[in-house]
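J.: Here it is: the structure, laid out below.
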Amino acid sequence: MSGPIPESLGNLKSLRYLNLYANELVGTIPNVLGNLPDLKKLELSSNRLSGSVPPSVCDWISSVTSASNCGLNLNNFTCPFPAKCDAQIEHICYGTCK
């Protein structure tokens, strides 16, 4: 898969696991990914994502029971991360900042 993450993923309200590890994804993380009510695991590591992590995704990260349920490392995010995200994201996002 290559290109941006489709906003239409936000329509998959029953989505529980989203693994897009090691694709050719570019652009930002859509805000809608943080609003999926049943999402338990989000893996976006090893892509070329950039920009800031959306506030809704920061909220989702703080609500999951384990940091291992989220992978954002090895991308090109803009740092520092939003203050809301910093504590939760620091240990799951190595090699992400440009």
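The values are calculated or read from the model by the stated rules, or taken from the named source; none is laboratory data. As the structure is a prediction and not an experimental result, all values here were calculated from the model. With ideal geometry, Cβ positions are generated from the backbone for all residues, glycine too; neighbour counts draw on all protein chains shown.
J.: Against the condition modelled with pLDDT under 90 and either part of a loop (DSSP other than H, G, I, E, B) or not hydrophobic (A, V, I, L, M, F, W, C) (or both), how does residue 62 come out, does it pass?
T.: Working: modelled with pLDDT under 90: yes; either part of a loop (DSSP other than H, G, I, E, B) or not hydrophobic (A, V, I, L, M, F, W, C) (or both): yes.
Yes: the conditions hold for residue 62.
J.: Follow-up question, since we're still on this one. Just one of 9, 15, 33 is free of Cβ contacts under 8 Å to residues at least 40 places away in the same chain and not in a helix (DSSP H, G or I); which is it?
T.: Details: 9 fails: not in a helix (DSSP H, G or I); 33 fails: not in a helix (DSSP H, G or I).
Result of the check over 9, 15, 33: 15.
J.: Taking the residues in region 70-93 that are surrounded by fewer than 17 Cβ atoms within 10 Å (Cβ to Cβ) and assigned to a helix (DSSP H, G or I) as candidates, determine which candidate is modelled with the highest pLDDT.
T.: Restricting to residues being surrounded by fewer than 17 Cβ atoms within 10 Å (Cβ to Cβ) and assigned to a helix (DSSP H, G or I), the top hit is 83.
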